[in-house]
Every structure is written in structure tokens, then in C-alpha cells.
Amino acid sequence: MNKTYYDPADLKKFGKISEWNQELGDKFFDYYGKVFEEGHLSAREKSLIALAVAHTEQCPYCIDAYTKDGLQRGITKEEMMEALHVGAAIKSGATLVHGVQMMNKVNKLDG
């Protein structure tokens, strides 16, 4: 079996990221925890958003974590896939809208 850079076991080590800088690590985890508290959005909604963003950022650790979290919160596979498509549409739209910069540059250089 080929080894890859991504090791699913590393997700369990995430909490250790503070070991080399406790102050900043603690601040990050305080912030992270606060963000995912119930607020105007439910924890379920936040988990679904996190899953979509995890895909657009292509973070396998986040995809694993928020797929599991979503299932525990009752998010269906259909809802997960729909959220993934929302993320993909935004990501592709953001890529395409930057094509205007290319068009502007071509027009400037041609004109």
C-alpha cells in the first residue's frame, strides 16, 4: 500500500498543535470553540457549512471530521452532497469571475 502525505490518524493529534506555542494555540482553540457554539446559526448548520468549506479548501482532515460530525448531528448524505455542490458552485464562480481580469488585460494590451 502506498503511503501518502495525508494520514487520517493525524487528525487525532490536532490538539497537540499548541505544544510549540501554547499561547497562540490556546487562543486559536478558544476562538474555534466559540465559533462553533450555538448562536444565530445552529451547531448543525455550522457543521454543514464547515463540511462545504472543507471541500472547497480540499482539507481531508476537515472533510473526515465534519462528515462524522454531520452524521452525528443528523445531517443526511443528501444534505451533505447539496452543501458540497453549493461550495463547488461558489468556488467555480469565483474562478470564472476572475476571468474578467484576464479579459481586461487582453483588451488593454490589444488596444
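Values quoted throughout were computed directly from the atomic coordinates according to the rules given, and no laboratory measurement underlies them. As the structure is a prediction and not an experimental result, all values here were calculated from the model. For neighbour counting, all protein chains shown are included, and Cβ atoms are generated from backbone atoms with ideal geometry for every residue, glycine included.
Some observations on this one:
- Largest GNM mean-square fluctuation across 70, 15, 99, computed for the chain with C-alpha springs under 10 Å, falls on 99.
- On Cα atoms only, tilt of 77-97 relative to the major axis of the chain in degrees: 40
- Cα gyration tensor, the stretch 1-57 - rounded (a/c under 1.5), prolate or oblate: oblate
- Positive-end extreme of charge dipole, the stretch 21-110 - chosen from 56, 72, 33 (charges on Cβ): 56
- Point-charge dipole on Cβ atoms (K/R +1, D/E -1) for the stretch 21-110, about Cα centre, debye to 20: 320
- Cleavage-rule hits (trypsin sites (Lys or Arg not before Pro)) in the stretch 54-111: DSSP loop, at most 16 neighbouring Cβ within 10 angstrom: 73
- The chain: relative contact order as a whole-number percent, Cα under 8 Å and 6+ apart: 21
- Residue pairs, from the table 3/27; 27/68; 27/77, whose Cα atoms sit over 30 Å apart: 3/27; 27/77
- Folded to 0 to 90 degrees: helix 43-56 orientation relative to the chain principal axis, Cα: 50
- Fluctuation leader among 72, 101, 22 - the chain, Gaussian network, Cα springs under 10 angstrom: 101
- Exposed chymotrypsin sites (Phe, Trp or Tyr not before Pro) absent: longest stretch of the chain, with sites in DSSP loops and at most 16 other Cβ within 10 Å deemed exposed: 37-111
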